[in-house]
1. Give the order of Asp25, Asp43, Asp20, Asp31 when sorted by the count of other beta carbons within 10 angstrom, beginning with the fewest.
2. What is the local net charge at Ala3, summed over the other residues whose Cβ is closer than 9 Å to its Cβ (Lys, Arg +1; Asp, Glu -1)?
3. What length, rounded to one decimal in nm, is gained on full extension from Arg7 through to Ala44, with 0.36 nm per residue of separation minus their alpha-carbon distance?
Amino acid sequence: MKATITRLKAPWPEGAAVGDVVEFDGAVMPDWAVGKCTAAPDDAAVTAGGKAESEAVAKKSKKG
């Protein structure tokens, strides 16, 4: 799934900015990304490096 970033308060790839397109693993937007991005078309070019963290990785990094 691809999404366009609308807010930066999330574990986006390093260097990502509002308006960048990211790609998530899988077909479902992670809970942490809801309200911080909008769905992007499948053919949209990914403009933020790499894939956004999966929900499991985001939760692990919050634990320290």
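Nothing in this text is a laboratory measurement; each read-out follows from the coordinates by a stated rule. Keep in mind it's a predicted model, so treat the numbers as computed, not measured. Positions of Cβ are backbone-derived with ideal geometry, glycine not excepted, and every protein chain shown enters the neighbour counts.
1. Numbers: Asp25 14, Asp43 6, Asp20 19, Asp31 10.
The order, fewest Cβ neighbours first, is Asp43, Asp31, Asp25, Asp20.
2. Details: positive: Lys2, Lys36; negative: Glu23.
Net local charge, Ala3 excluded: +1.
3. Working: separation 37, 0.36 × 37 = 13.32 nm, distance 1.86 nm.
Full-extension gain reported as 11.5 nm.
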